[in-house]
Amino acid sequence: MSYLLRKEIKQMLADRVALFTILVTPLILILILGFSLSSWFGSTTTIEGLSIGIIQEMEMSEEAVAASEQLLVSQENLEAMAIPDSLFAYAGNGLSVGYVNDIEQAREENYDVVLSIPAGYRTKMWEQQILGESSSDETFTLYRNPDSNMEAMIIDSMINQSMERLYVETTLAQADQEPLAELGEIHVQGAEPLSSFEYYTYGMSVMYVFFAAGYMANLSYSEKKARVYARLVLANIKPLQYLAVKTLATIAIVSIQMSLLFGICFTLFQVNIVNWPGFLTVALSLCLAVAGVTSLLISIQFRFSTEKVANVFMMFIISILAFLGGSFFRVSDMAPVLGQIGQLTPNGQALQAFIQASQGESIATLSSSILILCGIAVGGFILAWIIFPSKGGVAK
Amino acid sequence: MNAVFYQYAREIMRSPFTLVLMLLMTILFSIIIGGSNEGGQNVYVYSEDLTEEDLENRLAELNEIEGLTFLSTSAAEAHRMLSTQEVEGLVEFEESSYRIHVAFEDAPFAYLIQPVIDQYYTHNELEQRTGSETSQYEAYTYEADPMVEGTSFDQSLQSLFGFTLYFSFFTMGFTIMTILELKESRVWNRLILSPTSKTKLYSGHLIVSFLLAYMQIAIVLFVFLNVFNYDFHGGFWKLFLVIIPYLFAIMAFGIFLSGVVNASHQLNGVIPLTASGFAMLGGAFWPLQIVQSDWLLALSYASPITYGLEMMMGATFNNWSFDQFLLPSAVLLFMGLALTGVGIRLMERKSV
């Protein structure tokens, strides 16, 4: 049987387009997707480098002089508690604040957001903070720069939060109540952010192993068409033996494909896998699942004498599975339903398990994915064994 | 040429499976993606202390905030999503405090979501402490606007257009593949011997593939106009004009690819690859604005989908004037002419 296996692998290696499809194209796609969507994955944010431009109708000192007479508080104290200016003091040095004349100038100087403060706004806020109420209803406007959307949103929510705290503190102070304790905390799971390159290394690999399945099925059927299969049967090779060889060859080719893809990408992008045994188990069960699918495809083609099955599989099914399983991008971001459907796909399960293993999740967490993949493999083998014509079936 | 049309008509009637499948898929994907984008960012919340009813009530209150959709989930599912980094973070609710779990340090999620959750909890706390008497809250709010008057970007239309363009690439490729199959089964040789000229044979096949793709797009657009009541911003009929250059260009790509490969079955791998590559570069799956790499943006000019999508958006919500359509359609026509020429030459050079 080993000579048959050698034949299969030699044949696959001789098919340049097939090799190109299963090895080079995933690499190209990993690069394209990795570069273009790097901002979608594991982007981190700090206050460092954020910038705010301020447009004011009236200088703060002018306003403070007028208000200090009225409220009987010294000008320095007023300036120290001016809103919104004093809010930025919390943020420390990372934040840069500048004064501009109008929005045009702010856009040119690339501020993330611009605050436009009308005259009398600061006075209103002083009255709010000291007297607890104000007759004025001036309010400032925050303009977000569309070119730096994320930064602008972060500044917006920071200012929002500061105003919120100020409101709570002032209200509690005026009601003679204790200040509020922190109600929440942030808990960091601890792992490194997943880079887009790492994500797509898994995403594309779990997609392209199925192309290997399609090619194998195609190749088998063309052997049948070219009467190679008939001659093999004549040479006393049992039909199921033929199927078994094809399945084994698929396992071999997919393992080679995955080791090359992972090897190249892990070296290139310096990916660190925490749980190697788990990772390899997932890879192995994916290999088996692909082999199961291949044997099923071959059986269907041989039983019904059609080559359409592998074509439709490669043309549509793989694309749909890849899309649903999240190989192109995380579909759950778009619709949670899609994410749940995606978890039913073998590639979606494998993708998820690869990420979990690389992040160091225990084998217990991975076990469900591994079981599903092995289940697909076993199901494929059994169905293929039932369907494959064990007698005859040599006619074109 | 009529014979070619007749042959296609019979063939489609005999096995309409692929065509119907492609139509259904386009509609399905556009619905799922177009329909789901309206809710804004999804935030998952779970709780181990609160009852399900209590949690749902709180989420309903939080869901009144625009731009965020709060969804409840289980603790196990929450752990899975965090460990696969499917979400950057999620929120755990307790009776009077909350915990934000983030998948890694400095995740933007914490910055964006914490203020919202914090506000919700502090306001509840405040209400309990001071009673719900006159609140000065209004004084502490402000307005937030984008710097420039934005164009009325319509995400659901964009993904509808993106997916129709993407799937029409498949239809086109699949029909052009029949030429290769005819050549491989030697039927082509017999056809050449017949009185039909080669030009007529080629143009017959190409016109059919063009019309099939055109029909596919038309049906999808009509379904979305009449069944799902999409608003095309008054540019519905213009769409039927602006897709012509695009279809011409991808037809040429189909011919070119058929000329490059050695056997028809290789197209099975090459067409999805090219189509997905172009779709990704051209912004069919996501708006090009989120792409940050400069050289990828430069590459997007090579994708016909970029121009097709631009024109479709121009015809609807971007309200382009007539001369704005000229450049993209000129580029597409050029691509089409050049690649048809090269492609047919390549196909003719092969002996089979």
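The values are calculated or read from the model by the stated rules, or taken from the named source; none is laboratory data. Remember, predicted model here, so these are calculated numbers, not experimental data. When we count neighbours, we look across all protein chains shown, and the Cβ atoms used for this are built from the backbone with ideal geometry, even at glycine.
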*asked:* If I ask for residues that are assigned to a loop (DSSP other than H, G, I, E, B) and free of Cβ contacts under 8 Å to residues at least 12 places away in the same chain, which ones from the range A:56-102 would you list?
replied: A:E59, A:L72, A:S74, A:S86, A:N93
*Would you point out the residue of the range B:40-58, among those that are buried (at least 18 other Cβ atoms within 10 Å of the Cβ) and in contact with a helix residue (DSSP H, G or I) (Cβ under 7 Å, 6 or more places away or on another chain), that is modelled with the lowest pLDDT?*
B:N42
*Give the residues of the range B:142-157 that are modelled with pLDDT under 60 and away from chain A (no Cβ under 11 Å), sorted by residue number.*
B:S152
_For the range B:82-95, which positions are more than 7 Å from chain A (Cβ to nearest Cβ) and either assigned to a loop (DSSP other than H, G, I, E, B) or crowded, with 22+ Cβ neighbours inside 10 Å (or both)?_
B:V87, B:E88, B:G89, B:L90, B:V91, B:F93, B:E94, B:E95
*If you go through the range B:290-312, how many residues are polar (S, T, N, Q) and touching a residue at least 24 places away in the same chain (Cβ under 8 Å)?*
2
_Lone unmet requirement of (1) in contact (Cβ under 8 Å) with a residue 40 or more places away in the chain; (2) surrounded by 21 or more Cβ atoms within 10 Å (Cβ to Cβ) for A:S332_ = (1)
_So, A:E104, is that one farther than 27 Å from B:I113 by Cα, within 14 Å of chain B (Cβ to nearest Cβ), of a type in the set (D, E, K, R) and surrounded by fewer than 20 Cβ atoms within 10 Å (Cβ to Cβ) or not?_
yes
*asked:* Being part of a loop (DSSP other than H, G, I, E, B) and facing chain B (nearest Cβ under 9 Å) is the filter here; which residues of the range A:112-134 pass it?
replied: A:G132, A:E133, A:S134
*Are any residues in the range A:344-360 surrounded by 21 or more Cβ atoms within 10 Å (Cβ to Cβ) and in a loop (DSSP other than H, G, I, E, B), and if so, which ones?*
A:T345, A:Q359
_Residues of the range A:165-210 satisfying the condition of being at the interface with chain B (Cβ under 9 Å from one of its Cβ atoms), closer than 30 Å to A:I317 by Cβ and assigned to a loop (DSSP other than H, G, I, E, B)_ = A:L194
*Sole residue being touching a residue at least 60 places away in the same chain (Cβ under 8 Å) and either surrounded by fewer than 19 Cβ atoms within 10 Å (Cβ to Cβ) or within 10 Å of chain A (Cβ to nearest Cβ) (or both), chosen from B:P328, B:P287*: B:P287
_Please pick out the residue among B:T340, B:T306 that is within 14 Å of chain A (Cβ to nearest Cβ) and at pLDDT 90 or above._
B:T306
*Between residues in the range A:164-184 that are surrounded by 13 or more Cβ atoms within 10 Å (Cβ to Cβ) and residues that are part of a helix (DSSP H, G or I) and among the acidic types (D, E), which pairs lie under 8 Å by C-beta distance while being six or more apart or on different chains?*
A:E164/B:D118; A:L180/A:E169; A:L180/B:E125; A:L183/B:D118; A:L183/B:E125; A:G184/B:D118
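Conditions tested, residue by residue: (1) away from chain A (no Cβ under 13 Å); (2) assigned to a helix (DSSP H, G or I); (3) modelled with pLDDT of 85 or more; (4) buried (at least 18 other Cβ atoms within 10 Å of the Cβ).
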residue: B:F5; (1), (2), (3), (4): yes, yes, yes, no
residue: B:M13; (1), (2), (3), (4): yes, yes, yes, no
residue: B:T18; (1), (2), (3), (4): no, yes, no, yes
residue: B:L23; (1), (2), (3), (4): no, yes, no, yes
residue: B:F29; (1), (2), (3), (4): no, yes, no, yes
residue: B:G34; (1), (2), (3), (4): no, yes, no, yes
residue: B:E38; (1), (2), (3), (4): no, yes, no, no
*Quick one: is A:L115 of a type in the set (A, V, I, L, M) and modelled with pLDDT of 80 or more?*
yes
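Each row is one residue, and each column tells you yes or no for (1) hydroxyl-bearing (S, T, Y); (2) part of a helix (DSSP H, G or I); (3) within 27 Å of B:T306 (Cα to Cα).
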residue: B:T196; (1), (2), (3): yes, no, no
residue: B:G204; (1), (2), (3): no, yes, no
residue: B:F210; (1), (2), (3): no, yes, yes
residue: B:A213; (1), (2), (3): no, yes, yes
_Could you check the range A:166-207 and list, in sequence order, the residues that are among the small types (G, A, S) and under 21 Å from the mean Cα position of the chain (by Cα)?_
A:G190, A:A191, A:S195, A:S196, A:G203, A:S205
*Residue check for A:N160: within 7 Å of chain B (Cβ to nearest Cβ) and either under 30 Å from A:F329 (Cβ atoms) or buried (at least 21 other Cβ atoms within 10 Å of the Cβ) (or both)*: yes
*asked:* Pairs please, first residue from the range A:135-157 and more than 7 Å from chain B (Cβ to nearest Cβ) and more than 22 Å from A:E104 (Cβ to Cβ), second anywhere and acidic (D, E) and in a helix (DSSP H, G or I), Cβ atoms under 9 Å, 6+ apart in sequence or on different chains.
replied: A:S135/A:E127; A:S136/A:E127; A:D137/B:E138
*Please list, ordered by first then second residue, the pairs with beta carbon atoms under 8 Å, 6 or more apart or interchain, first in the range B:1-30 and under 26 Å from B:T199 (Cα atoms), second modelled with pLDDT of 75 or more and not in a helix (DSSP H, G or I).*
B:M1/B:T196; B:A3/B:T196; B:V4/B:T196
*Mind listing whichever residues of the range B:158-190 are touching a helix residue (DSSP H, G or I) at 6+ places or on another chain (Cβ under 6 Å), more than 14 Å from chain A (Cβ to nearest Cβ) and of a type in the set (A, V, I, L, M, F, W, C)?*
B:F161, B:L165, B:I179, B:L182, B:W188
*If A:K396 satisfies every condition in (1) over 28 Å from A:L33 (Cα atoms); (2) of a type outside the set (F, W, Y); (3) modelled with pLDDT of 90 or more; (4) surrounded by fewer than 16 Cβ atoms within 10 Å (Cβ to Cβ) but one, which is the exception?*
(3)
_Output for the range A:296-342, where each listed residue is more than 9 Å from chain B (Cβ to nearest Cβ) and over 30 Å from A:Y229 (Cβ atoms)_ = A:L324, A:G325, A:S327, A:Q340, A:I341, A:G342
*When only residues in the range B:59-81 that are in a helix (DSSP H, G or I) and in contact (Cβ under 8 Å) with a residue 40 or more places away in the chain count, which is surrounded by the most Cβ atoms within 10 Å (Cβ to Cβ)?*
B:L62
*Mind listing whichever residues of the range B:96-121 are among the acidic types (D, E) and either in contact with a Leu (Cβ under 7 Å, 6 or more places away or on another chain) or buried (at least 22 other Cβ atoms within 10 Å of the Cβ) (or both)?*
B:D118
